[in-house]
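In what follows, a structure is listed as structure tokens, so that the remarks can point back to it.
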Amino acid sequence: MDDTSTIARIRAACAEDDQPALRAIEEEVDAWQAARDTRLRHPAALAAAAHWYAENGHPVFPCAPGAKHPRIGSAHPDTDPLRGVCKGECGRPGHGFHDATLDPDQITEWWTRWPHANIGLAAGINFDVLDVDGPDGYASLAAVEAEHGPFPHIAYAVTPRGGAHLYMRPTGRSIATGMLPGLDWRGGAPDRTPAGYVLAAPSMSAANGRRYTWTVPLPPA
């Protein structure tokens, strides 16, 4: 189902106050969502999505099922002077988003071992992300766009808590938490070294059972 065409149909039905058409669209959307949810409950769904991202040039790494933190624990214990310094140079897994890869064999290994692992996308390589959290975030976004115009996003995702991720081309700006109420930035260095990450559809939140969902899908890198 295409969001753009569906929205256009809803607007046309509203303009004509065509209640039967609106009910028909609602039934179509409900049926599509039910079918999608059935597909995404398949054990191989997250693995397939992880491979799709990698095949389209977006490095991925596994996060804990239903959660945001990396599935692989740190390669360096608290007493290791390399903790927080090493970005994978040691050759071991356990460096969060620095583990992100396009290697299909590594992705297969990870999601075979952890089929319900959420999908982490490293930010700052092919895109930066504006994380919009809750009513405060939407209010801040509206204020910024009223003054400066719409953010030139290349993709848009809805988060399980009703927030949003606006994907934009890389800017070289790193992480900025609380840049405005409800707005966080995930990016990287000017040389495209990642400095953060986000979860990607169809990752799920265990807190409410909802998934990250694309409204405007991420294009190939």
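Observations on the structure shown:
To keep it simple, each residue is scored yes or no on (1) touching a Phe, Trp or Tyr at 6+ places or on another chain (Cβ under 9 Å); (2) farther than 12 Å from residue 128 by Cβ.
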residue	(1), (2)
175	yes, no
184	no, no
194	yes, no
197	yes, no
212	no, yes
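- Considering only residues in segment 172-196 that are of a type in the set (D, E, K, R) and assigned to a strand (DSSP E or B), the one that is surrounded by the fewest Cβ atoms within 10 Å (Cβ to Cβ) turns out to be 184.
- From the options 119, 107, residue that is within 29 Å of residue 190 (Cα to Cα), modelled with pLDDT of 95 or more, out of contact with any strand residue (DSSP E or B) (no Cβ under 6 Å at 6 or more places or on another chain) and surrounded by 16 or more Cβ atoms within 10 Å (Cβ to Cβ): 107
- Among the candidates 166, 130, 199, residue that is of a type outside the set (Ser, Thr, Tyr), free of Cβ contacts under 8 Å to residues at least 40 places away in the same chain and assigned to a strand (DSSP E or B): 166
- Residue selection: residue 165 satisfies the criterion of being of a type outside the set (S, T, N, Q), buried (at least 21 other Cβ atoms within 10 Å of the Cβ) and under 17 Å from the mean Cα position of the chain (by Cα).
- Pairing residues of segment 3-28 that are touching a residue at least 60 places away in the same chain (Cβ under 8 Å) with residues that are of a type outside the set (A, V, I, L, M), at Cβ distances under 6 Å and at least 6 apart in sequence or on separate chains, gives 3/215.
- Applying the criterion of being among the hydroxyl-bearing types (Ser, Thr, Tyr) and not in a strand (DSSP E or B) to the residues of segment 76-122, the residue that is farthest from the chain's Cα centre (by Cα) is 79.
- Test for residue 138: is it buried (at least 18 other Cβ atoms within 10 Å of the Cβ), in the same structural domain as residue 208 (by TED's automatic domain parsing) and out of contact with any helix residue (DSSP H, G or I) (no Cβ under 9 Å at 6 or more places or on another chain): no
The values are calculated or read from the model by the stated rules, or taken from the named source; none is laboratory data. Quick caveat: nothing in here was measured; it's all calculated off a predicted structure. Methodologically, a virtual Cβ is constructed for each residue, glycine included, from the backbone with ideal geometry; neighbour enumeration extends over all protein chains shown.
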